[in-house]
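Reviewing the structure listed below.
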Amino acid sequence: MNVERTGPVTCGQLSVLRSLESYGPTGQAVANLVSLWDVPPGAEVVHVVDAWQRLVALHESLRTTYVTDNGRPVQVVRAPHAVRVPSVEVAEATEAATRAVAAEWAAEPVDIHEGPPWRAFVAVHQGIPLYLVTVIHHIAADNGALHVLLHQFRRLVDGDVLGPQASPVDLALSQRTDPEIARAASHWARNWGSFEPADRHHGDTSTRRRATIYSREGLSAAQTVSRRTGVSVQSILLAVGGLALARLKQRERITLGLMTANRLHEPWASLVSSLNQCVPLPIRIDDDMSPDMFLRTTYHACMNAYLHGCFDVDVLRDELNEGGHQETDPTYFSSHYNFLGQGDGEPSADSPARTTVAWRTSKQRIGPNFHLVAAVESGLFIGVGGSTEFLPGNLPAALAASIEGGLMTLAENPPESLRGLRLDPRRDIGGLEPSEVDADTPLASRHADVSSLPGASTEAGVRRSNGKHYSQISIEGEDRG
């Protein structure tokens, strides 16, 4: 294929590449982002394929491969060319049947050195196209980018014409001279904490699964607390989730990997590439502090972290090592928080997430051993993912229900001190155990998983380096969140 241009990688792309190094050759499929996009009624296979062809032509990241030059990655953008998108007959005209096939397509790593950085097929049943299914490497798109692609796919299928799109190479070149990027790395080098081993624990190869609840009462409670304290709903969830985990593990301080989206500045807000990065957020539990002060303190720390969320991870690693911190992957934390923003729809009326808990299982054996994820519709999705070693048995469900209960207590009758804040569940989670995939209750129904690589998150009020897009990232066969 002809080369159109070459250039350095962005900070987000570099973070993906460095994170993948820690997973080794057998863990590379963790970067596969799986999406199922509904085909509009009346559209034919040829329209779907043409729309994807035009998306590939529009967005450089879908035509980019990666090489190394003197230890630094370089992106090589290929010229637009014809792409192959086969049709695959699925057993039933259902999302579940399509997801089963998609999981097979996502089982093997996408080769970003030879390219293209994606796989795609049209799921059809009895000749009728149901979904465009894509498996995109995380370096080519994060979840903000996936939403851009979904929106543009729908427009293209309807016959719209789109103009030129922003370029990752242009962003990378601008980042090389942006003083904010250098300042962010120096900020983290100066403020790097002495993390407890549990905050950076590697080697947990037990299976992961996720418990999800959906709560209108929880969202109403969080909004009530937000009005009282001036703290955003997403920071309230982060604080209560951190408190619940700290109490479970009997710790006074816990550090979560916070996902920054880095998508506020134009023209990069709609860039199709990977911009998000992971930064540390320590949460200190002071039982004598009032709950509202605890929420505000966590909120301010969260804002500060977001504002320093875009940096060159190699520069940070070098500065840390020079300062006596021996780091190979500064972005790795074993507990994560993602706020996804708006979800992709309500759970079905009979979904167990509405009244008890919905489980999703996975074959994944790498990544965070704790992953708190939240999304908003007319209610609040609270998802707690965890490894069976770190959160055995019913603990993911118990934590999700405790967070809901804590939100309601904070709204109804907040105690004078954090010591008195009870996190009693308000719903019966019984003795439920994860069994089979419940395809009807994902946090984001059109995408597949929460990745163990840096995801994207949003935080209201940030106006510099953070973004305002959803954060639904996928990985080999497990639901996002």
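Key figures for this structure:
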{"item": "Residues being farther than 30 Å from E60 by Cα and either in contact with a Lys or Arg (Cβ under 8 Å, 6 or more places away or on another chain) or outside any loop (DSSP other than H, G, I, E, B) (or both) - total across the range 241-283", "result": "18"}
{"item": "Single condition L62 does not satisfy, out of (1) modelled with pLDDT of 95 or more; (2) of a type outside the set (V, I, T); (3) open to solvent by 10 Å² or more (accessible area, probe 1.4 Å)", "result": "(3)"}
{"item": "Given (1) assigned to a helix (DSSP H, G or I); (2) open to solvent by 40 Å² or more (accessible area, probe 1.4 Å); (3) more than 24 Å from D158 (Cα to Cα); (4) not charged (D, E, K, R), number of the condition V67 does not satisfy", "result": "(1)"}
{"item": "All positions within the range 154-183 that are more than 13 Å from L55 (Cβ to Cβ) and in contact with a strand residue (DSSP E or B) (Cβ under 9 Å, 6 or more places away or on another chain)", "result": "S167, P168, V169, D170, A172, L173, Q175, R176"}
{"item": "V74 vs. criteria open to solvent by 10 Å² or more (accessible area, probe 1.4 Å), modelled with pLDDT of 95 or more and at negative phi", "result": "yes"}
{"item": "Restricting the range 83-108 to residues that are in a helix (DSSP H, G or I) and among the small types (G, A, S), the residue that is least open to solvent (accessible area, probe 1.4 Å)", "result": "A102"}
{"item": "Looking only at the range 190-211, and only at residues there that are in contact with a Gly (Cβ under 9 Å, 6 or more places away or on another chain) and part of a helix (DSSP H, G or I), the one that is most open to solvent (accessible area, probe 1.4 Å)", "result": "R190"}
{"item": "Looking only at the range 308-349, and only at residues there that are open to solvent by 40 Å² or more (accessible area, probe 1.4 Å) and touching a strand residue (DSSP E or B) at 6+ places or on another chain (Cβ under 9 Å), the one that is nearest to C11 (Cα to Cα)", "result": "Q342"}
{"item": "Lone unmet requirement of (1) charged (D, E, K, R); (2) assigned to a loop (DSSP other than H, G, I, E, B); (3) farther than 25 Å from E44 by Cα for D170", "result": "(2)"}
{"item": "Identity of the residue in the range 366-383, open to solvent by 20 Å² or more (accessible area, probe 1.4 Å) and within 17 Å of the chain's Cα centre (by Cα), that ends up farthest from V16 (Cα to Cα)", "result": "V376"}
{"item": "Residue under evaluation A172, criteria (1) open to solvent by 30 Å² or more (accessible area, probe 1.4 Å); (2) farther than 30 Å from S402 by Cβ; (3) in contact with a Ser or Thr (Cβ under 6 Å, 6 or more places away or on another chain); (4) among the hydrophobic types (A, V, I, L, M, F, W, C), criterion not met", "result": "(1)"}
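Every residue, every condition in (1) farther than 13 Å from L372 by Cα; (2) among the small types (G, A, S), yes or no:
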| site | (1), (2) |
| --- | --- |
| R210 | no, no |
| S215 | yes, yes |
| G218 | yes, yes |
| S232 | yes, yes |
| S235 | no, yes |
| G242 | no, yes |
| K249 | yes, no |
| M259 | no, no |
| A269 | yes, yes |
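The values are calculated or read from the model by the stated rules, or taken from the named source; none is laboratory data. Quantities reported herein were computed from a predicted structural model and do not represent experimental measurements. We place every Cβ from the backbone using ideal geometry, glycine too, and count neighbours over all the protein chains shown. Keep in mind that these areas ignore ligands, DNA and RNA; they rest on the heavy atoms of the full protein, side chains included. Shrake-Rupley method; radii C 1.70, N 1.55, O 1.52, S 1.80 Å.
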